[in-house]
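Here the structure is laid out as structure tokens; the discussion comes afterwards.
Read-outs throughout are calculated quantities, based only on the coordinates presented, and are distinct from any laboratory measurement. The structure presented is a predicted model; accordingly, all values stated were derived computationally and were not measured. Note that each Cβ is placed from the backbone with ideal geometry, even for glycine, and that neighbours are counted across all protein chains shown.
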Amino acid sequence: MRRRGCIVSINEDIALGTIVDTNDQEINFLLNNLKFKPIINQEITFIIEMTESGLIAANIELLT
């Protein structure tokens, strides 16, 4: 199931960003997995995936 959220931080030095979803949960995402240039406050949809490092947002798409 896709979740909805907003990009709240971007750290290009470590290629990591943070999303806050509609439940106020923070989840990280990898900048190199995006198909668009992220901007703070962009509304997006995503899924949650389990990685070796823990949960991460994946399959991120701009909300239209």
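Number of residues in the stretch 1-43 that are touching a Gly at 6+ places or on another chain (Cβ under 8 Å) and part of a loop (DSSP other than H, G, I, E, B) equals 2. Report yes if Asn23 is under 12 Å from the mean Cα position of the chain (by Cα) and not β-branched (Val, Ile, Thr), otherwise no. Taking the combined requirement at face value, the residue does not satisfy it.
The lone criterion from (1) surrounded by 13 or more Cβ atoms within 10 Å (Cβ to Cβ); (2) among the hydrophobic types (A, V, I, L, M, F, W, C); (3) free of Cβ contacts under 8 Å to residues at least 40 places away in the same chain left unmet by Ile44 is number (3).
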